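The values are calculated or read from the model by the stated rules, or taken from the named source; none is laboratory data. Only a predicted model underlies this, so the values are computations on that prediction, with no experimental measurement involved. For neighbour counting, all protein chains shown are included, and Cβ atoms are generated from backbone atoms with ideal geometry for every residue, glycine included. Each accessible area value is taken on the protein alone, full model and side chains, heavy atoms only, with ligands, DNA and RNA left out. Shrake-Rupley method; radii C 1.70, N 1.55, O 1.52, S 1.80 Å.
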Amino acid sequence: MANAEVFQVRTVEAPQLPAPVSTSGVIGWMRLNLFSSIGNTILTVVGILIAYSLLAPLIQFALIDAVWVGEDRTACLAQDGGHIGACWAYVGDYLPQFIYGRYPTEEIWRVNVVYALFALLLVPMMIPAVPFKGTNALLLLVVFPIVAYFLLTGLVIGDEEILPIVETAQWGGLLVTLVIAVTGITASLPLGVAFALGRRSKMPIIKFVSVVFIEFWRGVPLITVLFMSSVMLPLFLPEGVTFDKLLRVLVGVTLFSAAYMAEVVRGGLQAIPKGQYEGAMALGLRFWPMMYLIILPQALKLVIPGIVNTFIGLFKDTTLVLIVGMFDLLGQIQSSFSDPTWSTPVQGHTGYLFAALVFWVFCFSMSRYSIFIENKLHTGHKR
Amino acid sequence: MSNTAEELTPDRSRMTISDTEVAVEIKQMNKWYGDFHVLRDINLKVMNGERIVICGPSGSGKSTMIRCINRLEEHQAGQIIVDGNELTNDLKKIDEIRREVGMCFQHFNLFPHLTILENCTLAPIWVRKMPKKQAEEVAMHYLERVKIPEQALKYPGQLSGGQQQRVAIARSLCMSPKIMLFDEPTSALDPEMIKEVLDVMVGLAEEGMTMLCVTHEMGFARKVANRVIFMDAGQIVEQNEPEEFFTNPQHERTQLFLSQILHH
């Protein structure tokens, strides 16, 4: 009989019971995560207080006290010395400049067409369920850049000006930010992959060139790259040969992020077990099909967080083009501060808040999309 | 270890060995890892239809030897002739040989980002240039043969080890190889799953496939192999028919090895 207390052998199968209420549902979650001990309860309360003290003034400034409509600065001045909120009327008035820069007003439709085409091609590309990915990619990566190039810069055939030329010096605002970011992102990924493969290559010259490229571009600050491209490069070029300043910036930014991208991708390549290479080789796959079909899909999937990190970094680094005299979104906003029509104590606050909001929306979308793709590509082999 | 394999009862009627057609011939092959002489003066001739089991203590070079046959490892001296083609640095020859030689690994090496079906159709489509539809039919045929057609749309990570190894075998068979290499195919499996993999391998042997298996499944060796090779310190020290090999081992090292793996 004593044994029965020590050993238990089931004769009837134990039923599966639902989890106790205290560990599931909202109350369970709160108990587990917010109030699991006295210390945690204190931390929760302190956290809420900090969040409140930070958010409340922001909401007060940006929403409650904000001025939404108005003709000029008088609308955003505090008449009775009371609180002054964000002057959204100023942002509204300047919005075309923030989006298009000094692009000629009668040609702005061309920029809009480019924006619309881009959205039209990008959105179906990003939704996995939409078919015709091959055609879509071809349109987005080959046809769209050509169309966008002529739409934005202009098209002259013979003597006939089909689309009037718009100098890149007239571009500005979000247009410049997006052109640099999108070009940089789409060009730096394949370049980075190429240099990552090059750095792991057994062929000494290819390896050497890749290492030199990566270490050079990682070793210099982006500001230097931009300065060099706009100030130094013309000195080395023969007289009469000039490149568009925007083009020089594009090349600089792309090569700069390609070097970072290469190291991110190399990290992914190193994480792929040797067995994957051997499995592919034993089946008779040659180097490029093996890389394209087996190794890169797995390696790139592993480093999605790192890739998106580089993308976000690049997106924000576009603001540096200000120092070579180009006006991206932030530069355009800053340059509007000198306009006396909207000169108020809150003009700067409002402008920077708007810039922060736009940048945050773009970067946060990239971040969320990368998480979505990570989950989508998760095929159950991660344990 | 051998209990599961004892139940195997292969039908030997189709296991015919060719007298004239040589599948693999290795002549005076030597290999070094840096300064370490891993394979020393290997000579081996495998006829079409032969089923050879290679065993030996770990580090004896048995895996390295069969990996040389499809050039996953490079030999430095001697000759390896596979299906009439000599393995050299000529990439075309290497491709040709890899197309004809299938291989199963200890850790399966399935592609985790592709479904079972895609794993099986990948090489036929990209290497043999087979139309997708036909490749899928072939793949389903072999998946049925290894008894897991219902898993075709799952990913490798969702399958048990035994199922994954059977998929790996099916994946190799989709390339219709003339020779199959097995590199410890059951060593990473739970005991319960060893038999399902061995059953598939016995089935292959019954159909007359030329097989070189590195394995410690002595039951399998006894029932299926027509020759057992024992390697030690990078050399082939003994080869014999299975009955003779197990009951009357000649070399001292073989006797020690067999006593250690059979009597515990």
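For this structure, a couple of remarks:
- The rule of thumb for compact globular proteins, 2.2 N^0.38 Å, goes into the C-alpha radius of gyration of segment A:86-235 1.34 times.
- Projected onto their three principal axes, the Cα atoms of segment B:1-102 cover extents of 44, 31, 21 Å, largest first.
- Quotient of Cα Rg and 2.2 N^0.38 Å for segment A:3-133, N being how many residues it contains: 2.10
- For chain B, share of DSSP beta bridges that run antiparallel, in % to the nearest 5: 55 percent
- Pairs of C-alpha atoms in segment B:110-229 farther apart than 23 Å represent 29 percent of all such pairs.
- Residue-span extension gain [A:Ile157 to A:Ile371] - 0.36 nm each, minus C-alpha spacing: 72.5 nm
- Mean per-residue shielding of peptide B:124-131 is 2, counting Cβ atoms of other chains within 10 Å of each Cβ.
- Scaled radius of gyration (Cα, divided by 2.2 N^0.38 Å) that segment A:53-117 gives: 1.51
- Two-decimal Rg to Rh for segment A:312-365 - Kirkwood Rh, Cα set: 1.01
- Helical runs assigned H by DSSP (4 residues or longer) give chain B a calculated mean residue ellipticity at 222 nm of -11000 deg cm²/dmol, each run adding -39500 (n - 2.57) before division by the residue total.
- Loop-exposed GluC sites (Glu not before Pro) per DSSP, neighbour cap 14 Cβ within 10 angstrom, longest uninterrupted part of chain B: B:75-206
- B:Met193 - accessible surface, heavy atoms, 1.4 Å probe, Å² rounded to 10: 40 Å²
- Candidate lysines for bridging to A:Lys202, where Cα separation is under 20 Å - those fewer than 8 sequence places away on the same chain excluded: A:Lys274, B:Lys92
- Rg and Dmax [Cα atoms of segment A:245-378; Å; Rg one decimal, Dmax integer]: 21.0, 73
- Cα-based convex hull volume of the protein assembly as shown per residue, rounded to whole Å³: 278 Å³
- Residue-normalised convex hull volume from the C-alpha trace of chain B: 135 Å³ per residue.
- Applying both filters, DSSP loop and at most 16 other Cβ atoms within 10 Å, to the GluC sites (Glu not before Pro) of segment A:239-324 gives A:Glu239.
- Radius of gyration over Kirkwood radius for segment A:171-289, both on Cα atoms: the Rg/Rh ratio is 1.09.
- Cα-based Kirkwood hydrodynamic radius, segment A:21-64, one decimal, Å: 11.9 Å
- Of A:Lys316/A:Lys376; A:Lys207/B:Lys93; B:Lys93/B:Lys129; A:Lys301/B:Lys132; A:Lys133/B:Lys132; B:Lys129/B:Lys178, those spanning more than 20 Å from alpha-carbon to alpha-carbon: A:Lys316/A:Lys376; A:Lys207/B:Lys93; A:Lys301/B:Lys132
- Using C-alpha pairs under 8 Å with a sequence gap of at least 6, the mean separation divided by the residue count of chain A gives a relative contact order of 18 percent.
- Share of alpha-carbon pairs per 20 Å distance bin for chain A, given as whole %: 19, 44, 28, 7, 2, 0
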